[in-house]
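Some notes on the structure that comes next.
The values are calculated or read from the model by the stated rules, or taken from the named source; none is laboratory data. The structure presented is a predicted model; accordingly, all values stated were derived computationally and were not measured. Don't worry about glycine lacking a Cβ; one is built from the backbone with ideal geometry, like all the others, and counts go over all protein chains shown.
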């Protein structure tokens with residue numbers, strides 16, 4: 001059932017459902033999430049079952065912006081390092097997830113059993129409305145301090161950026177709050193704050209440069225951090241995080257990344273015979289590219305990739321889902337530029353193209 005986020009009754013219905021231990025599809029500025037009470041291991045278990053997600057693969061807990069997010073953070077986190085507090089002040093509400101040491105007994109299932117927990121304060125007004133309704137509990141009831149909400153899709157597949165995407169994949173019995181298309185379109189940046197310094201576990205729309213400027217510390221990749229701390233114990237203590245498996249975000253069609261020259265060569269190899277007009281043949285190949293291509297056969301489904309990284313992120317998952325809807329078997333994508341602003345898009349495409 002899809003409910004309009006503009007109706008206050010929809011907010012109440014979703015909050016009541018989560019409080020009762022049910023799952024709800026929720027909009028955020030990044031992607032739509034599949035939400036449940038983060039403090040209820042039984043409710044969180046339903047998320048893992050619905051997605052087909054391994055129970056040791058942690059979920060991100062979304063918290064209310066009330067009090068700058070601190071009341072909910074203190075409920076779940078054992079401590080908040082000063083640089084993490086700076087990042088909260090700079091980017092919350094927003095598309096930044098912080099991995100923090102977890103308080104014993106809090107959000108155990110949502111954390112995948114780890115001693116750390118991922119927390120985010122989303123900027124979407126509908127998500128915040130539901131979180132406020134849960135935080136401001138009716139008389140005699142405990143507040144719901146957070147919503148565990150991974151992307152509302154089958155595990156490892158393309159993330160949803162509209163309520164219709166969620167409904168097509170996880171409906172029709174799921175309650176879904178329709179807050180319109182997601183503004184950003186790719187998942188949050190994840191920063192690990194458990195190892196004494198900020199470590200980037202997943203790039204997103206907030207760049208590592210922005211994080212460095214906000215907290216005044218160098219942000220290392222997980223690989224760079226481990227290279228500086230070669231002890232086996234350090235590697236063992238590296239937190240798992242959402243969306244960091246080698247193969248993830250994958251469409252049904254096989255996706256291949258190519259530079260512009262290789263992409264044009266691949267198109268040329270298809271041959272002039274495919275130019276025949278009037279053919280009823282369904283396209284079997286989709287191309288998503290920034291560089292204009294020459295002599296593209298009519299049998300290719302062509303979509304232009306924006307020149308801007310943010311615009312590409314906004315439409316990326318919807319474009320991949322659209323290609324799947326057209327029934328193509330192959331998706332050829334031009335490699336994004338190797339620049340900082342494209343890091344989030346580049347990460348998603350590399351994982352989408354990885355062997356499963």
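Selection of region 224-258 for residues being at pLDDT 70 or above, touching a strand residue (DSSP E or B) at 6+ places or on another chain (Cβ under 7 Å) and not in a strand (DSSP E or B) yields 225, 239, 241, 251, 253.
With respect to the conditions (1) in a helix (DSSP H, G or I); (2) out of contact with any strand residue (DSSP E or B) (no Cβ under 6 Å at 6 or more places or on another chain); (3) farther than 27 Å from residue 206 by Cβ, residue 67 lacks only one, and its number is (3).
Counting only helices (runs of 4 or more DSSP H) wholly contained in region 77-181, the ones carrying 2 or more residues that are modelled with pLDDT under 95 and touching a strand residue (DSSP E or B) at 6+ places or on another chain (Cβ under 8 Å) occupy 163-170. Looking across region 52-70, the residues that are modelled with pLDDT under 95, farther than 14 Å from residue 117 by Cβ and either surrounded by 21 or more Cβ atoms within 10 Å (Cβ to Cβ) or touching a helix residue (DSSP H, G or I) at 6+ places or on another chain (Cβ under 8 Å) (or both) come down to 53, 54, 55, 66, 68, 70.
Taking the stated definitions as given, is residue 347 touching a residue at least 60 places away in the same chain (Cβ under 8 Å) and within 15 Å of the chain's Cα centre (by Cα)? Considered against the rule, which asks whether it is touching a residue at least 60 places away in the same chain (Cβ under 8 Å) and within 15 Å of the chain's Cα centre (by Cα), residue 347 comes out as yes. Residues in region 318-348 that are out of contact with any helix residue (DSSP H, G or I) (no Cβ under 8 Å at 6 or more places or on another chain), surrounded by 14 or more Cβ atoms within 10 Å (Cβ to Cβ) and in a helix (DSSP H, G or I): 6 in all.
Please determine, by comparing only the residues of region 203-213 that are farther than 22 Å from residue 162 by Cα and in contact with a strand residue (DSSP E or B) (Cβ under 9 Å, 6 or more places away or on another chain), which one is surrounded by the most Cβ atoms within 10 Å (Cβ to Cβ). Top of the filtered list is 211. Do we have any residue at all in region 297-312 that's within 24 Å of residue 169 (Cβ to Cβ), in a loop (DSSP other than H, G, I, E, B), modelled with pLDDT under 95 and touching a strand residue (DSSP E or B) at 6+ places or on another chain (Cβ under 9 Å)? Looking through region 297-312, none of the residues is within 24 Å of residue 169 (Cβ to Cβ), in a loop (DSSP other than H, G, I, E, B), modelled with pLDDT under 95 and touching a strand residue (DSSP E or B) at 6+ places or on another chain (Cβ under 9 Å).
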